[in-house]
Amino acid sequence: MTSSSTPSRGRPARLDRAGTVDTALDLLDDLGLEALTMRRLADRLDVRAGALYRHFTTKQDLLTAMAERMLGDLHPQSGAADWAERLRALARAMRLALLARRDGARVFGGTHSTGPHTLAFAESVLGVLREAGFRDEDAARALMALVNFTLGHTLEEQAASVPHDDGTPAGPDRLRNAVQAGPYPNLQAALPVLTGADFDAHFEFALDLHVAGLRQLRSRTE
């Protein structure tokens, strides 16, 4: 007989939305996005799968909550007065928050959360840009460009670290083999960078280009 202080399997009182999201993120780290299912999450929580739907109507709802939670760990490090450095700090913080979780960028992509962490990040970026004198329309587009760039870079960065179980060469090796087998002198010259794994350098280079473009835009509208 089950006591009132020990809920039976699947009883809603055992589920807490925030705790469920944290458990889902732990499961993501253990198994990856492909293996993250509502049933596996229910097993990890020791509840019936149907109990999860009291908090999350679909798996996409769960992924959106996970994406929102990841941005809760975002801590930009910049006390600089320069708007460009503050913007760089926000982009770096977003990248690190996504990298902190296995398949973090894949989870985040397409979720479009309207939770407080996501909105606070967007508010911070827009605040930096509007204070720097960017028009509202330009600031909004710059926000989307920054988020899309950071997400896309992190997605590729995490994908490059996934091992191949089928015996096929890793991405850099496949590219190197293909380039060396054909008439691609320009690609041949660029191979050291294209097949390199210094993702910090790749990210910072592209971030500098992004900021340089914004500086030019700002100078045209002053």
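Name the residues in region 159-187 that are surrounded by 14 or more Cβ atoms within 10 Å (Cβ to Cβ) and either at pLDDT 95 or above or assigned to a helix (DSSP H, G or I) (or both), would you?
The answer is 171, 172, 175, 176, 179, 187.
Which residues, counting only those in region 120-141, are outside any loop (DSSP other than H, G, I, E, B), more than 18 Å from the chain's Cα centre (by Cα) and touching a residue at least 12 places away in the same chain (Cβ under 8 Å)?
Once the filter is applied, which keeps residues that are outside any loop (DSSP other than H, G, I, E, B), more than 18 Å from the chain's Cα centre (by Cα) and touching a residue at least 12 places away in the same chain (Cβ under 8 Å), region 120-141 yields 126, 128, 129, 131, 138, 139, 140.
Within region 32-87, restricting attention to residues that are surrounded by fewer than 18 Cβ atoms within 10 Å (Cβ to Cβ) and of a type in the set (A, V, I, L, M), which residue is nearest to the chain's Cα centre (by Cα)?
Once the filter is applied, the top-ranked residue is 33.
Yes or no: residue 95 within 16 Å of the chain's Cα centre (by Cα), outside any helix (DSSP H, G or I) and modelled with pLDDT of 95 or more?
no
Look through region 190-222, keep the residues that are among the hydroxyl-bearing types (Ser, Thr, Tyr) and assigned to a helix (DSSP H, G or I), and return whichever of them is nearest to residue 92 (Cα to Cα).
219
Table: residues versus (1) in contact with a Gly (Cβ under 7 Å, 6 or more places away or on another chain); (2) without any contact (Cβ under 8 Å) to a residue 40 or more places away in the chain.
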residue: 56; (1), (2): no, yes
residue: 70; (1), (2): yes, no
residue: 84; (1), (2): no, no
residue: 96; (1), (2): no, yes
residue: 103; (1), (2): yes, no
residue: 107; (1), (2): no, no
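Could you grab me the full set of residues in region 1-22 that are at pLDDT 90 or above and surrounded by 15 or more Cβ atoms within 10 Å (Cβ to Cβ)?
20, 21
The values are calculated or read from the model by the stated rules, or taken from the named source; none is laboratory data. Values in this document were obtained by computation on a predicted structure and should not be read as measured data. Don't worry about glycine lacking a Cβ; one is built from the backbone with ideal geometry, like all the others, and counts go over all protein chains shown.
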